[in-house]
Amino acid sequence: RDAKVGQYLPYLLAREEARAAGADDALLLNYAGHVAEASTSNVILVIDGALVTPDASSGALPGITAAAVVEVARDLGIRAGEAAVTLEHVLHASAVLLTSSVVGIREVEAIEGGDAPTRVRWERADTPASPVARLREAYEMLVLRECPSTP
């Protein structure tokens, strides 16, 4: 029931629509108008210094990377929790992160549009001055510890 399989076409179409409009990805909303996820990643907001992920009722499946980011955030003393996330939350967050096992943590640079799906652009360059640099570094260290390369 919690497998990431099934109808993937709406996600691909949302991403292609966003890319045709010059964006990198799309934020997908559920029927209640709450943010569920991006086309190929989970969404994490930074609000008042805490991480906020869409709650289980959003419709998104939990992601391994999002869970790891929450874990390292807590290890760093950063509060983390779930909530119903609206576009207003996204627009007023101090940072919006997209997480996936393929790209790790990506910080959103810009949000465009107000209709579902909402288009997003992520950062093009990794800058140490990013508000999530410490979180990204801790996540990368966790990956290196838990997934050591083999000779």
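The values are calculated or read from the model by the stated rules, or taken from the named source; none is laboratory data. Here the structure is a predicted model, which means the values were calculated and not measured. Note: areas computed on protein heavy atoms with side chains; ligands, DNA, RNA excluded. Shrake-Rupley method; radii C 1.70, N 1.55, O 1.52, S 1.80 Å.
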- Note on the structure: Rounded to the nearest 10 Å², the 1.4 Å probe accessible area of E16 is 100 Å²
- For E109, distant residues with modelled amide H under 5 Å away: R121, W122, E123
- Message: Under 5 Å between amide hydrogens, which residues at least 5 positions from E82 or on another chain qualify, with H placed 1.01 Å from N in the peptide plane?
- Response: T53
- Query: Ordered by residue, what ³J(HN,Hα) values in Hz, to whole numbers, does segment 25-31 give under the Karplus form 6.51 cos²θ - 1.76 cosθ + 1.60, where θ = phi - 60° and Gly and Pro are x?
  - Reply: 7, 10, 8, 9, 9, 8, 5
- For segment 99-104, in order, what is each residue's ³J(HN,Hα) by Karplus, 6.51 cos²θ - 1.76 cosθ + 1.60 with θ = phi - 60°, in whole Hz (x at glycine and Pro)? 10, 7, 5, 6, 10, x
- In whole Hz, with x marking every Gly and Pro, tabulate ³J(HN,Hα) for segment 90-97 from phi via Karplus 6.51 cos²θ - 1.76 cosθ + 1.60, θ = phi - 60°. 4, 5, 9, 6, 6, 7, 10, 10
- Put R134, R15, R106 in order of accessible area, largest first, 1.4 Å probe: what do you get? R134, R106, R15
